[in-house]
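As structure tokens, the structure follows; a few thoughts come after it.
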Amino acid sequence: MSLALDPLLAALKAAGEDTRLRILALVSRSDLTVTDLTDILGQSQPRISRHVKLLFEAGLVERHREGAWVFYALSRGGERGKLVDAILATLDPNDRLVARDRIRLDGVRTQRSAVAQAYFKGVAENWSRIRSLHIAEADVEVAIRNALGNQRFAMHIDVGTGTGRMLELMADRTERGIGVDFSHDMLAVARSGLDRPGLAHLSVRHGDITSLPVPDQSADLVTVHQVLHFLDDPMPALAECGRVLKPGGTLLVVDFAPHDHEFLREAHAHRRLGFAPDQMQAWFAAAGLEAASFTALAPAEGVTLGLTVSLWLARRTGANLSSIGVAA
Ligand SMILES: C[S@@+](CC[C@H](N)C(=O)[O-])C[C@H]1O[C@@H](n2cnc3c(N)ncnc32)[C@H](O)[C@@H]1O
């Protein structure tokens, strides 16, 4: 690692202030907006904006604009990424302020999760109808089956299963399928839908995408269909998918390509406005997953909001997750 004197001093000066160091510690745990940081740190928005701007200019954080929101994340890779990793590795996680910020971050996440759960409580009964307003569902389902080929899977985990549609779609190719969702109302709809002849090998369980009620390396197939855009930070969820997959197991993520339908945040509890392929690939790599294929399905005329649906296929590598720096 080497940086010339001036850029190194600029980076150290940017990190060398208490609020900015705390911001670095926070964005190392989750992608956050200025509003999130304002809530967590209890300082005014202009102050936080100024600190974040300095960190960005020093190359210590990256920013991703999505519609009206800008998310900040820790710089990954490069000399500045290594520098900021080294600084944070030296920071005592039990320091009073750092620990308090972490608790507040958890509080912000819990609050968001409650907003999303309230949304799904309201829509559970009508979810199948809402689903088809967004996308040409049948085309996506054909593409999913094609992407997965003719392989049979001993254990399929469907994360954010909703009404259990992905379990049903793959039912003829799975020995056992378990859907996990954090909404009791969605699970109630799924249970009644799956209570049909021929589907006895499918079941659902309550759980969060970041702590699945499933043992390590137990799944051959994990599907995450239209779930990641409800999360502020998909990285911990993808790491959790990596944890439950057997080495060589398959992850299928289906979600929107980047778009600017801001109203989906207000009206449908979306947090992220789609994902770019390079962003998803970087998360896969950090979660011990190897990208295998990518398909973009352009919107069918008259059916959708003009949203492109992306399918990402990845395989769990044989690497031990702790050795590549991802909390399992
Ligand atoms: C848009 S629905 C998709 C449901 C299903 N995958 C489908 O395509 O029909 C998103 C689902 O993810 C669930 N969900 C959102 N955030 C979650 C979380 N943190 N943990 C578990 N489930 C979550 C919601 O309850 C909801 O059922």
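The values are calculated or read from the model by the stated rules, or taken from the named source; none is laboratory data. Computed from a prediction, not measured in an experiment: that's the story for all the values here. Every residue, glycine among them, receives a Cβ derived from its backbone with ideal geometry; neighbour counts consider all protein chains shown. The accessibility values were calculated without ligands, DNA or RNA, using every heavy atom of the protein model including side chains. Shrake-Rupley method; radii C 1.70, N 1.55, O 1.52, S 1.80 Å.
So here's what we get for this one:
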item: Residue ID - farthest from Ala114 (Cα to Cα), chosen from residues in the stretch 189-202 that are small (Gly, Ala, Ser) and surrounded by 14 or more Cβ atoms within 10 Å (Cβ to Cβ); result: Gly193
item: Residues located in the stretch 231-277, provided they are closer than 22 Å to Gln117 by Cβ and of a type in the set (Phe, Trp, Tyr); result: Phe256, Phe263
item: Candidates Leu238, Leu228, filtered to the one that is closer than 30 Å to Phe263 by Cβ, more than 10 Å from the ligand (Cβ to nearest atom) and not charged (D, E, K, R); result: Leu238
item: Qualifying residue in the stretch 313-328 (condition: within 16 Å of the ligand (Cβ to nearest atom) and either open to solvent by 50 Å² or more (accessible area, probe 1.4 Å) or at pLDDT 90 or above (or both)); result: no
item: Residue list for the stretch 158-172, restricted to those being more than 23 Å from the chain's Cα centre (by Cα) and open to solvent by less than 30 Å² (accessible area, probe 1.4 Å); result: Ala171
item: Inter-residue pairs, beta-carbon under 7 Å, first closer than 21 Å to Arg109 by Cβ and in the stretch 209-230, second among the charged types (D, E, K, R) and open to solvent by 10 Å² or more (accessible area, probe 1.4 Å), 6+ apart; result: Ile209/Glu240; Thr210/Glu240; Ser211/Glu240; Leu212/Glu240; Pro213/Arg205; His229/Arg271; Phe230/Arg271
item: Test: residue in the stretch 190-197 that is farther than 25 Å from Leu307 by Cα and of a type in the set (A, V, I, L, M); result: yes
item: Residues located in the stretch 138-170, provided they are among the basic types (Lys, Arg) and under 24 Å from Phe120 (Cα atoms); result: Arg165
item: Qualifying residue in the stretch 74-93 (condition: modelled with pLDDT of 85 or more, acidic (Asp, Glu) and under 20 Å from the mean Cα position of the chain (by Cα)); result: no
item: Residue, nearest to Leu273 (Cα to Cα), within the stretch 68-82, restricted to residues that are in contact (Cβ under 8 Å) with a residue 12 or more places away in the chain and open to solvent by less than 20 Å² (accessible area, probe 1.4 Å); result: Phe71
item: Sole exception among (1) closer than 19 Å to Leu148 by Cα; (2) within 11 Å of the ligand (Cβ to nearest atom); (3) β-branched (Val, Ile, Thr) for Val222, by number; result: (2)
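Results for (1) more than 24 Å from Pro215 (Cβ to Cβ); (2) of a type in the set (Ser, Thr, Tyr), shown as yes or no for each residue.
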| residue | (1), (2) |
| --- | --- |
| Ile157 | no, no |
| Thr161 | no, yes |
| Leu167 | no, no |
| Met170 | no, no |
| Thr174 | no, yes |
| Gly177 | no, no |
| Met186 | no, no |
| Arg191 | no, no |
| Asp195 | yes, no |
